[in-house]
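Enquirer: Please find one structure pasted underneath; my questions will follow.
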Amino acid sequence: MQHTLSKYESLVDALQSLRVKFSSALVQPRGLVNSGNMCFMNVVLQALLYCAPFFNMLLDIRQNVAFSFNQPTPLLEALIQFTNEFKQDPTPMALLLEEDTDPFVPENVYEALRQKNVFQTLRGQQEDAQEFMSYLIDGISQEMADILQQHQHQQHRLSDRQNGDTGNEDGESEWQEVGPHNKASIVRDNSDSLVSTPITRIFGGTIRSTLTVPHSANAANMRGRHSGKNRPSSNREPFQWLALDISSDSVRSIEQALDEFVAPETIEGYTNVYGESVNATKQILLEKVPPVLVFHLKRFVFCHNEGVQKVHKFIQYPQELQLSPDWLTKSKATLEHRNARYRLESVIYHHGSQASGGHYTCDLRRSEKEWLRFDDIDITILHSVDKVLDEKKDRSAYILFYTICS
């Protein structure tokens, strides 16, 4: 591959410097050949291709890094080569020639997965699209993190030799935080050890899980003891998509699923510091929301008598999602997201009734007024966004990609 003068000095420099970019050059749509139950992979690759921040990241590395393609990053290299199969062309799909949209087999991605010893049943057995998306995004981020950590360790060793410092750092931090109404809580941050990569800057958010435990089951028992006010304890955890439970009869929309996600949960029989059995309360709220918010609708649930069953009901999802303050913590970290709006970019559907079978297709927003439906090698123009939002009898929305409105 030929390169112009590199914008970045190295891949490490790029991984440290890359920032989220939302506008991308349009590419000519191409179908992907299903060479044997590979639709679960095809829909994820198409959705990521039309996720502008993700595409821009790969394009930036491809164009501005003297990439040798012998790095310990097979997944990243495969995705860069995958995007290289698409020509940048803003021509509407209806005006493109048939040969411009010839389908192909993403062999580079297959080979990278074989190198990683995953999905060994390639071209034979249906897999889950969400599991593949999870593996691919996590895998690329981990490849980037390994390179950055290796560079950091080299820098630390050099600094330690110069300063004679042999200090050790813990990946988890804890501190006391004063929240609303001057209430103190203990906060443990489990995301401190997470290395910042271009992937985490695109998809990475943080949830805060807060546990409140009464000191005593009976207020009268508090007499003569060191009572004090309840001090909740919180854990911060990173996420790169949100898995939403849609099994409740009250959940008919994404907004209602998020209401359910953040609803306080009562934990009966929790043992407090006095060894007493009390009712504790646990609540999860969004602390930091990412530029690209991905929802996984939990379509498959385990029933004791029937095994894994699919939840077929239609879940409404808006073209524009307004975040509710009820879904967010009241910390300073969420102030900038208090009125955040997200725009629908893609929908991945599951066809059929079994988790281990069926078929996958996807609807993708190519431009402001152009939505396309991908079914392996077949590409259909959708003349209205209503075709994306309306209920479909033969398929169920499974994964949703939303991008924050700048």
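Enquirer: Any idea how many residues of region 39-77 are of a type in the set (Ser, Thr, Tyr) and open to solvent by 20 Å² or more (accessible area, probe 1.4 Å)?
Expert: Number satisfying all stated conditions: 2.
Enquirer: I'd like the residue in region 193-211 that is among the small types (Gly, Ala, Ser) and farther than 19 Å from VAL294 by Cα and, out of all such residues, is modelled with the highest pLDDT.
Expert: Selected residue: SER209.
Enquirer: State all residues of region 78-111 that are open to solvent by 20 Å² or more (accessible area, probe 1.4 Å), modelled with pLDDT of 90 or more and under 24 Å from the mean Cα position of the chain (by Cα); if no residue qualifies, say none.
Expert: Once the filter is applied, which keeps residues that are open to solvent by 20 Å² or more (accessible area, probe 1.4 Å), modelled with pLDDT of 90 or more and under 24 Å from the mean Cα position of the chain (by Cα), region 78-111 yields GLN81, ASN84, ASN108.
Enquirer: A further question on this structure: Go through (1) at pLDDT 90 or above; (2) within 23 Å of the chain's Cα centre (by Cα); (3) open to solvent by 30 Å² or more (accessible area, probe 1.4 Å) for VAL301 and report which single condition fails.
Expert: It fails just one condition, (1).
Enquirer: Hey, another quick one. Output the residue which, of all residues in region 388-404 that are open to solvent by 70 Å² or more (accessible area, probe 1.4 Å) and modelled with pLDDT of 95 or more, is nearest to ARG341 (Cα to Cα).
Expert: ASP390
Enquirer: Considering only region 378-387, I want to know if a residue exists there that is open to solvent by less than 30 Å² (accessible area, probe 1.4 Å) and either part of a helix (DSSP H, G or I) or touching a Gly at 6+ places or on another chain (Cβ under 9 Å) (or both).
Expert: No, there is no match, as no residue in region 378-387 is open to solvent by less than 30 Å² (accessible area, probe 1.4 Å) and either part of a helix (DSSP H, G or I) or touching a Gly at 6+ places or on another chain (Cβ under 9 Å) (or both).
Enquirer: Quick check on my filter: what residues within region 309-359 are under 24 Å from ALA129 (Cα atoms) and basic (Lys, Arg)?
Expert: Correct list: LYS310, LYS313, ARG343.
Enquirer: Then there is this: May I ask you to verify whether LEU364 is crowded, with 19+ Cβ neighbours inside 10 Å, within 20 Å of LEU244 (Cα to Cα) and under 18 Å from the mean Cα position of the chain (by Cα)?
Expert: No; evaluated as a whole, the condition is false for this residue.
Enquirer: Mind counting the residues in region 368-377 that are in contact (Cβ under 8 Å) with a residue 12 or more places away in the chain, open to solvent by 30 Å² or more (accessible area, probe 1.4 Å) and either closer than 24 Å to PHE22 by Cβ or of a type in the set (Gly, Ala, Ser) (or both)?
Expert: 1
Enquirer: Which residue, of ASP386, ASP326, is out of contact with any Lys or Arg (no Cβ under 6 Å at 6 or more places or on another chain), touching a residue at least 12 places away in the same chain (Cβ under 8 Å) and farther than 18 Å from HIS296 by Cα?
Expert: ASP326 is the lone residue from the list that is out of contact with any Lys or Arg (no Cβ under 6 Å at 6 or more places or on another chain), touching a residue at least 12 places away in the same chain (Cβ under 8 Å) and farther than 18 Å from HIS296 by Cα.
Enquirer: Looking only at residues that are open to solvent by 40 Å² or more (accessible area, probe 1.4 Å) and within 35 Å of the chain's Cα centre (by Cα) in region 212-232, which one is modelled with the highest pLDDT?
Expert: Applying the filter and picking the extreme gives THR212.
Enquirer: Any chance region 126-148 includes a residue that's under 30 Å from SER353 (Cβ atoms), at pLDDT below 85, assigned to a loop (DSSP other than H, G, I, E, B) and not charged (D, E, K, R)?
Expert: Scanning region 126-148 turns up at least one residue that is under 30 Å from SER353 (Cβ atoms), at pLDDT below 85, assigned to a loop (DSSP other than H, G, I, E, B) and not charged (D, E, K, R).
Listed here are the residues, each with its yes/no results for (1) over 30 Å from LYS387 (Cβ atoms); (2) surrounded by 14 or more Cβ atoms within 10 Å (Cβ to Cβ); (3) basic (Lys, Arg).
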position	(1), (2), (3)
GLN240	no, yes, no
ASP249	no, no, no
ALA263	yes, no, no
VAL294	no, yes, no
ASN305	yes, no, no
LEU323	no, yes, no
LYS332	yes, no, yes
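Enquirer: Answer with yes or no whether LYS116 is within 14 Å of ILE140 (Cα to Cα), open to solvent by 30 Å² or more (accessible area, probe 1.4 Å) and in contact (Cβ under 8 Å) with a residue 24 or more places away in the chain.
Expert: Taking the combined requirement at face value, the residue satisfies it.
The values are calculated or read from the model by the stated rules, or taken from the named source; none is laboratory data. These numbers were taken from a predicted model, which means no experiment stands behind them. Heads up, the Cβs are rebuilt from the backbone with ideal geometry, glycines too, and the neighbour counts pull from every protein chain shown. Note: areas computed on protein heavy atoms with side chains; ligands, DNA, RNA excluded. Shrake-Rupley method; radii C 1.70, N 1.55, O 1.52, S 1.80 Å.
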